[in-house]
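Below you'll find the structure, written out as structure tokens, and then a few comments.
The values are calculated or read from the model by the stated rules, or taken from the named source; none is laboratory data. Keep in mind the model is a prediction, meaning the values are calculated, not measured. Reconstructed Cβ throughout: ideal geometry from the backbone, glycine too, with neighbour counts over all protein chains shown.
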Amino acid sequence: MPTITHLSPEGFGAAVKGLADVLVDAVADGASLGFLQPFDHQEAAAWWESRQPAVDVGTLRVWAAETPDGIVGTVSLALEPRANGRHRAEIVKLMVHRTARGRGLARRLLSTAEQAAQEAGVTLLLLDTEADSAADRLYATTGWTRFGTVPAYAADPAGVLQDCSFFYKNLA
């Protein structure tokens, strides 16, 4: 079973290669994560590296699920820095490498981020995901409430517009 670790700013920098591997795999598998094909490891690493300032100041918290072979999953918690929204945060980039799926790792990663949000005083979590996807089913079965679906909201990696489900979870 992979070990889930919160990445410090230093640990995050060291983990970029493994995080990029997971992102490339997810996009190659069709996950709608904001990237279009062709999408390579260099682009994925650059995207993760661009997150470093947010990790450094603590507005983005990142966890990695790791086996002896490397990182096989990740989840991030984006905290709201504005004073009127400090009670809420967003779950972003929950991904599990295809080689590690089907063993409950996505649920463990989600639970880890939810617990950390609660410990940080967050009472409202938000997220969005492609409608009718495996992720959509995950959130619907783990206590999240769908509050809407927007047609043709985002393009999948092939460039095809997909509907998107929006969810919230009250932690209070």
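For the reader, a short list of remarks on this structure follows.
- Search result, residues across the range 32-51 that are among the small types (Gly, Ala, Ser) and part of a helix (DSSP H, G or I): Ala44, Ala45, Ala46
- Under the condition of being in a strand (DSSP E or B), over 17 Å from the mean Cα position of the chain (by Cα) and under 28 Å from Val24 (Cα atoms), the residues counted in the range 156-172 number 3.
- Some residue of the range 78-88 being closer than 14 Å to Ala116 by Cβ and within 14 Å of the chain's Cα centre (by Cα): yes
- Selection status of Thr112, free of Cβ contacts under 8 Å to residues at least 60 places away in the same chain and of a type in the set (S, T, N, Q): no
- Filter pass, Leu161 being crowded, with 19+ Cβ neighbours inside 10 Å and either modelled with pLDDT of 95 or more or within 17 Å of Leu33 (Cα to Cα) (or both): no
- Selected residue (criterion: surrounded by the most Cβ atoms within 10 Å (Cβ to Cβ)) from residues of the range 1-31 that are outside any helix (DSSP H, G or I) and out of contact with any helix residue (DSSP H, G or I) (no Cβ under 9 Å at 6 or more places or on another chain): Gly30
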